[in-house]
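The values are calculated or read from the model by the stated rules, or taken from the named source; none is laboratory data. Small disclaimer: the values here were computed from a predicted structure and weren't measured. Here the Cβ positions follow ideal geometry from the backbone for every residue, glycine too, while neighbour counts run over all protein chains shown. What goes into the accessible areas is simple: the full protein's heavy atoms, side chains included, and nothing from ligands, DNA or RNA. Shrake-Rupley method; radii C 1.70, N 1.55, O 1.52, S 1.80 Å.
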Amino acid sequence: MKAKYALVPEKETCEIREEEIDPGTLKPNELLVRTDFSMVSAGTELSAFQAISPGVYKKGSWNAYPWRPGYGLVGEVLEAGSALSGYRPGSRVFCFGRHASLQKWPLDLEREEPFRSAFPVSTAISSERAAASRMGLIGITASQITGVQAGDTVAVFGLGMVGNLAAQFYKEAGARVIGLDP
């Protein structure tokens, strides 16, 4: 099966390439997912694209050039590996996959970490909205790890999508929120 994917080979260069994916080589812990929609992170991914992130020049880092970007996607399961009983062809999933039309997505069956998981998505939720939930996961992290309590005052620097969501989560936790954006 032919798949197209995004590749960042060097600073400020993005290419769309093709590869052949053989469903017959699916590992027991892998899903074969056809992408409906993938989410780009204006902060994380664009900082790697523009070489603002120092990891792009460190061999072995998660975003070292040449780098295959990806942040969050929703897609259809075409096939599931033999160890994955909870996934059926035709079902929809959200995962932290790459920007590609088709990919094998490996699941971590031992630790069940979100970065190596795939979550079911109801057909009542649009692919765009479900993929954007990745940004909500980042936004809620701030209020979860800071120990904010009702009545606390917090400042959120940067009110892009993630900052805006973080501010809303803080407010829901009962904090007084001050938003700052250049």
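Miscellaneous remarks
- The test for being modelled with pLDDT under 95, hydrophobic (A, V, I, L, M, F, W, C) and farther than 30 Å from Arg92 by Cβ does not hold for Leu180.
- Index of the failed condition, Ile145 passing every other in (1) open to solvent by 80 Å² or more (accessible area, probe 1.4 Å); (2) modelled with pLDDT of 95 or more: (2)
- Selected residue (criterion: least open to solvent (accessible area, probe 1.4 Å)) from residues of segment 33-62 that are part of a loop (DSSP other than H, G, I, E, B), modelled with pLDDT under 95 and within 30 Å of Ser126 (Cβ to Cβ): Ser41
- Residues of segment 16-53 that turn out to be free of Cβ contacts under 8 Å to residues at least 40 places away in the same chain, over 16 Å from Leu102 (Cα atoms) and not polar (S, T, N, Q), as a count: 3
- Members of segment 104-125 that are of a type outside the set (Asp, Glu), within 23 Å of Phe169 (Cα to Cα) and open to solvent by 50 Å² or more (accessible area, probe 1.4 Å): Pro114, Phe115, Phe119, Ile125
- Condition broken by Ala175, with the remaining ones in (1) open to solvent by less than 50 Å² (accessible area, probe 1.4 Å); (2) closer than 30 Å to Cys14 by Cβ; (3) more than 19 Å from the chain's Cα centre (by Cα) satisfied: (2)
- Any hit, segment 126-141, residues being open to solvent by 10 Å² or more (accessible area, probe 1.4 Å), in a strand (DSSP E or B), modelled with pLDDT of 90 or more and farther than 21 Å from Thr44 by Cβ: no
- Subset of segment 1-26 [surrounded by 13 or more Cβ atoms within 10 Å (Cβ to Cβ) and assigned to a loop (DSSP other than H, G, I, E, B)]: Lys11, Ile21, Leu26
- Only one of the numbered conditions (1) at pLDDT 95 or above; (2) part of a loop (DSSP other than H, G, I, E, B); (3) of a type in the set (Gly, Ala, Ser) is violated by Gly75, and that is (2).
- Taken over segment 78-114, residues that are more than 19 Å from Asp22 (Cβ to Cβ), in a strand (DSSP E or B) and under 15 Å from the mean Cα position of the chain (by Cα) amount to 3.
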